[in-house]
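Enquirer: Sharing a structure, written as structure tokens. Questions coming.
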Amino acid sequence: MTSVLPRTQPVTFEEFVQWKPEDQRYELHNQVIIEMPQPSGKHEEITCFLAERITAEYLRLNLPYRIAKTVLVKPPKSESAYSPDVLVLNHSSLINEPLWKKQSTLTQATSIPLVIEVVSTNWRVDYLTKVKDYEEIGIPEYWIVDYLGLGGRRLIGDAKPPTISIYELIDGEYQVRQFRDNELIISSTFPELKLNANQIFQAGEINLT
């Protein structure tokens, strides 16, 4: 579970980035500092697999993209800052980012073609809070990779199967499509990416025998 650091007063974004240690992962949720838990091995396998496949695709297409590991995403008019599991960064747009040089923080949709969260224990943040805030920023595409089926039944169904939810920004609002089993995912950012849901889920499985 995530844990709240012992700070009695609300924390501004500026205070957060000044305080944030470099060797640990934290997020700021509505002025509250949240320490992110050490992820499971399967979580990391899936994250690495997605980063590798997406990197191969944007290199193939010669796009000015990068995969950023320690970058923060800050919603407008909000004292929050998130550290996504996979963030595709548009390098050509960084010149317009006011917080980039000093704080490696992104605030504009043109800098973030795609962001991915791999669900761990606190699924409500990924499905509710971040959906709202990423939509407000205007991030064109947001994936939620729920390989354990932790999301609420109203979000992924009563059986709670492993599900990939892809939110696409259409006319300023997110529209969601969900993918399971061997269904080929559909990405507007990478329309030629050949990847099905099970390939992503099974990336976290290793043979230890």
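Enquirer: Each residue of the range 103-114 in order: what ³J(HN,Hα) in whole Hz does its phi give by Karplus 6.51 cos²θ - 1.76 cosθ + 1.60, θ = phi - 60°, with x for Gly and Pro?
Expert: Working through the residues one at a time gives 10, 6, 10, 9, 10, 10, 5, 5, 8, 10, x, 8 Hz.
Enquirer: Compute the Cα gyration tensor for the range 94-209, then decide on rounded, prolate or oblate, letting a ≥ b ≥ c be the square roots of its eigenvalues: rounded whenever a/c is under 1.5, prolate when a/b is larger than b/c in the other cases, and oblate in all that remain.
Expert: The shape class here is prolate.
Enquirer: Using only the alpha-carbon atoms, what does the chain span along each of its principal axes? Please give whole angstrom values in decreasing order.
Expert: Projected onto its principal axes, the Cα set of the chain covers 46, 39, 38 Å.
Enquirer: Under 17 Å Cα to Cα from residue 102, which lysines show up? Leave out anything in the same chain fewer than 8 places away.
Expert: Those lysines meeting the cut-off are 20, 69, 74.
Enquirer: At residue 129 and residue 196, where each label point lies 7 Å from the Cα along Cα→Cβ, what is the point-to-point distance in nanometres?
Expert: Inter-label distance under the simple model: 3.6 nm.
Enquirer: Please list 3J(HN,Hα) in residue order for the range 182-194, calculated via the Karplus relation 6.51 cos²θ - 1.76 cosθ + 1.60 where θ = phi - 60°; whole Hz, with x for glycine and proline.
Expert: 9, 5, 6, 5, 10, 10, 6, 6, 10, x, 9, 5, 9
Enquirer: Only Lys, Arg, Asp and Glu count, each charged at its Cβ (+1, +1, -1, -1), so figure out the dipole size of the range 94-209 about its Cα centre, rounded to 20 debye.
Expert: 300
Enquirer: Shifting gears a bit: What is the distance in Å between the Cα centres of the range 31-64 and the range 121-198?
Expert: 15
Enquirer: Let me ask something additional. At 20 °C and a viscosity of 1.002 mPa s, what translational diffusion coefficient does Stokes-Einstein give for the range 1-86, taking Rh as the Kirkwood radius over Cα pairs? Give it in µm²/s as a whole number.
Expert: Rounded to a whole number, D works out at 146 µm²/s.
Enquirer: Across 10 Å bins from 0, what is the distribution of all Cα-Cα pair distances for the range 27-147, in whole percents?
Expert: Distribution as computed: 13, 47, 35, 6, 0 percent.
Enquirer: Could you pull out every one of the lysines with an alpha carbon less than 24 Å from that of residue 160, ignoring same-chain neighbours closer than 8 positions?
Expert: Partners found: 42, 130, 132.
Enquirer: Further, regarding this structure: For the range 66-209, with every protein chain kept in place, what is the accessible area per residue (1.4 Å probe, Å²)?
Expert: 48
Enquirer: Quick one: the Cα spread of the range 147-209 along its three principal axes, in angstroms, biggest first?
Expert: 50, 31, 15
Enquirer: Let's see if you can work this out: charge +1 on each Lys and Arg Cβ, -1 on each Asp and Glu Cβ, no other charges. What is the dipole magnitude of the chain about its Cα centre, in debye to the nearest 20?
Expert: About 120 debye.
Enquirer: I'd like the Karplus ³J(HN,Hα) series for the range 93-102: coefficients 6.51, -1.76, 1.60, θ = phi - 60°, whole numbers in Hz, and an x wherever there's a Gly or Pro.
Expert: Result, ordered by residue: 9, 5, 4, 9, 8, x, 9, 5, 4, 8 Hz.
Enquirer: Out of the total accessible area of the chain (probe 1.4 Å, heavy atoms of protein only), what percent is carbon and sulfur?
Expert: Its accessible area is 50 percent carbon and sulfur atoms.
Enquirer: From the helices alone, meaning DSSP H stretches of at least four residues, give me the mean residue ellipticity at 222 nm for the chain, per-run term -39500 (n - 2.57), in deg cm²/dmol to the nearest 500.
Expert: Calculated at 222 nm, the ellipticity per residue is -6500 deg cm²/dmol.
Enquirer: Among 199, 103, 18, which one shows the highest mean-square fluctuation when the chain is modelled as a Gaussian network with alpha-carbon springs under 10 Å?
Expert: 18
Enquirer: Now for a separate question. Please list 162-172, 179-189 highest first by mean number of surrounding beta-carbon atoms within 10 Å per residue.
Expert: Per-residue Cβ counts within 10 Å, averaged per peptide and sorted highest first, yield 162-172, 179-189.
The values are calculated or read from the model by the stated rules, or taken from the named source; none is laboratory data. This one's a predicted model, so the numbers in the text were calculated from it and none came from an experiment. Quick reminder, even Gly has a Cβ in these numbers, built from the backbone with ideal geometry, and neighbours come from all protein chains shown. Note: areas computed on protein heavy atoms with side chains; ligands, DNA, RNA excluded. Shrake-Rupley method; radii C 1.70, N 1.55, O 1.52, S 1.80 Å.
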